[in-house]
1. Would you check if Asp38 is of a type in the set (Asp, Glu) and surrounded by 13 or more Cβ atoms within 10 Å (Cβ to Cβ)?
2. Please state which one of Ser80, Ser76, Ser11 is assigned to a loop (DSSP other than H, G, I, E, B), surrounded by fewer than 17 Cβ atoms within 10 Å (Cβ to Cβ) and of a type in the set (Ser, Thr, Tyr).
3. Checking the structure you have, find out if any residue of region 35-46 is at negative phi, outside any helix (DSSP H, G or I) and not small (Gly, Ala, Ser).
4. What about Val31, is it buried (at least 16 other Cβ atoms within 10 Å of the Cβ) and in a helix (DSSP H, G or I)?
5. Look through region 14-23, keep the residues that are at pLDDT 95 or above and of a type in the set (A, V, I, L, M), and return whichever of them is surrounded by the most Cβ atoms within 10 Å (Cβ to Cβ).
Amino acid sequence: MARETGLWKPSGKPLTAAIKKLNIKKNEACVIGDSKFDMLAAVSAGIPNIFILNKNRSDFDQNKVEIFDSIAQIKSKLESLLTSL
C-alpha cells in the first residue's frame with residue numbers, strides 16, 4: 001500500500017492508511033517487520049503490537065517491540081493473539 005500511495009516508512013502514514021482501509025482499530029492491528037524503520041513506522045502510527053524478526057536486538061527499543069529469532073516464534077505469538085480474541 002505504501003508505494004502506491006507515495007507514503008514511505010518510517011512515517012506511520014502507510015500503516016494508518018492500511019488500518020483505515022481495513023476498517024479496524026489500531027489495537028487490533030500488528031506490525032511484523034525486520035528493521036528499525038518498521039518499528040518506527042508502527043510507533044508513529046500508534047500500533048501497540050510490534051513484532052520484529054531480527055537477530056540484532058540492540059537496534060530496537062525493547063519497551064516498544066517484541067523481537068523474535070524465527071518466523072515460527074512469530075507464528076506462535078500470532079496464534080496466541082488470535083485465540084484470545
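The values are calculated or read from the model by the stated rules, or taken from the named source; none is laboratory data. The model shown is predicted, which means the values in this text are computed figures rather than measured ones. Positions of Cβ are backbone-derived with ideal geometry, glycine not excepted, and every protein chain shown enters the neighbour counts.
1. The answer is yes for Asp38.
2. On the way: Ser80 fails: assigned to a loop (DSSP other than H, G, I, E, B); Ser76 fails: assigned to a loop (DSSP other than H, G, I, E, B).
Of Ser80, Ser76, Ser11, the one residue that is assigned to a loop (DSSP other than H, G, I, E, B), surrounded by fewer than 17 Cβ atoms within 10 Å (Cβ to Cβ) and of a type in the set (Ser, Thr, Tyr) is Ser11.
3. no
4. no
5. Residue satisfying both the conditions and the ranking: Ile19.
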